[in-house]
Structures are given as structure tokens and as C-alpha cells.
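One structure below.
Values in this text are rule-based calculations from the coordinates and carry no lab data. This structure is a prediction, so every number in the text was calculated from the model and none was measured. Every residue, glycine as well, gets a Cβ built from its backbone with ideal geometry; the counts of neighbours run over all protein chains shown.
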Amino acid sequence: MTFSEIKQILSNKTVGIAGCGGLGSNSAVALARVGVGKLIIADFDIIVESNLNRQYYFYNQIGQKKCIALKENINKINPLCNVEAHDLILDESNIPKLFNCCDVVIEAFDKAEMKQMIAEVFIKNFNNKYLIMGSGLAGWGDFEKIKINKTDNIFICGDNINEASDNLPPLAPRVGIVSNMQANLTLDILLNTYGSNTKI
């Protein structure tokens, strides 16, 4: 499949990104670069300096809303990508409506309780859509332990072990690996090649 053929298929696809931090900002940029037609992104947080060690923002964007800044950055990379940005806290009441038109949704939350919440929402409301989650991406090294696990329509990318802490912070290399793994799996699904290229 040529890149032109790939872009033609992806131009009609919509991907939701739940959270615009390390996982969300980097996976969104990767998907915009390859030609996904529409991204629906949501986050309520603002950019702080400590985010710059792993998130797709710039020093002059400190203090801005993440979802707005990410939309601006993606527009500079691929102005043909339609980015719908929502400045809000995602919960079980607004997720079904916000992501209803998405072909795939990428989970990119920091907190375990938020990850559990969106998984429960998908099990209840979206048995015909894929949710691609991230878990266990803090620290550095041990990239060979990062893998994909699948249960029904939910995938989890990461090592499922290394959760972020003061002594094990999330850093660009492993966050980048997992976020691009999420984006790559999204492509596999959107291009109808899942199973032929992806080993789980």
C-alpha cells in the first residue's frame, strides 16, 4: 500500500484522544502526520514547564491550555487534519457523546481511576469500537518489556508495571514508545490490517 493510498483511506477516519499529555499529544501528532482526517481531542489541563520532558509542546506555550496548543501544533504539521479540541474534564456522562463518531479512541490519562472509568464506559457503551490504552510507561530502559495486551475491544500498551512516581518519572523515550505504539495500532485497525501485521 502506497503512502498516497494510506492517506486516502485515513482521510475519512476519525480518532478520539482522551487526554493531551505525554501519550495523547505524541500519538495525536503521529496520526496527523500520516493523514488521519479528523482528531477529537479533550483535556482540561494547562501546560507547565515539567511537561516539556515528554509532551509535544514548546516553551513559549507554557500556561496555555493543552488541547488548544496541541491543535495549533498539529495545524502547523498538517493543516488538512481537522482537529476538534474540547477544554473539559472527561467523565462517564460526556465520553459517549464526544467520541460517538470515532473509529478508534486512544486513552491518555495520568490517573488509574480515570483509566478504569473510560474502560468501563467503553464496555458499557461501545462494544463495536476500539479503545487503546496505555499502562506502565514510566522510567527508562527495559523497552523489550513493553507490549500489547487485548481483551475484547480494549488494548493496553505498556509493561503494565512501571507506574509513574517521584523516583520513576515518565520520560520522553518510554512515553514516546508507548504513544507511538498506540498510534501504530490505531493505523493497523483503521487500515484493516490488524492481525496480519501486529503480533500480540
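If you take the residues in the range 160-191 that are among the polar types (S, T, N, Q) and more than 26 Å from Val36 (Cβ to Cβ), which one is farthest from the chain's Cα centre (by Cα)?
Looking at the filtered set, the residue picked out is Asn167.
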note = Taking the range 155-188 and keeping only residues that are surrounded by fewer than 19 Cβ atoms within 10 Å (Cβ to Cβ) and aliphatic (A, V, I, L, M), one is left with Ile161, Ala164, Leu168, Leu171, Ala172, Ile177
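Can you tell which of Gly21, Gly63, Gly16, Gly35 is surrounded by 15 or more Cβ atoms within 10 Å (Cβ to Cβ), small (Gly, Ala, Ser) and at positive phi? Spell out the reasoning first.
Values: Gly21 fails: at positive phi; Gly63 fails: surrounded by 15 or more Cβ atoms within 10 Å (Cβ to Cβ); Gly16 fails: at positive phi.
None of the other options fit; the residue is Gly35.
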message = Name the single residue that is surrounded by the fewest Cβ atoms within 10 Å (Cβ to Cβ) among those in the range 140-154 being touching an Asp or Glu at 6+ places or on another chain (Cβ under 8 Å) and not acidic (Asp, Glu).
response = Lys145
message = Report every pair of residues separated by at least 6 positions or lying on different chains whose Cβ atoms are under 6 Å apart, first residue within the range 1-16 and touching a residue at least 40 places away in the same chain (Cβ under 8 Å) and over 18 Å from Asn184 (Cβ atoms), second in a loop (DSSP other than H, G, I, E, B) and aromatic (Phe, Trp, Tyr).
response = none
message = For the range 156-180, give me each residue that is free of Cβ contacts under 8 Å to residues at least 40 places away in the same chain and outside any loop (DSSP other than H, G, I, E, B).
response = Ile156, Cys157, Gly158, Ser165, Leu168, Pro173, Arg174
task = Would you mention how many residues in the range 104-144 are in contact with a helix residue (DSSP H, G or I) (Cβ under 6 Å, 6 or more places away or on another chain) and charged (D, E, K, R)?
result = 1
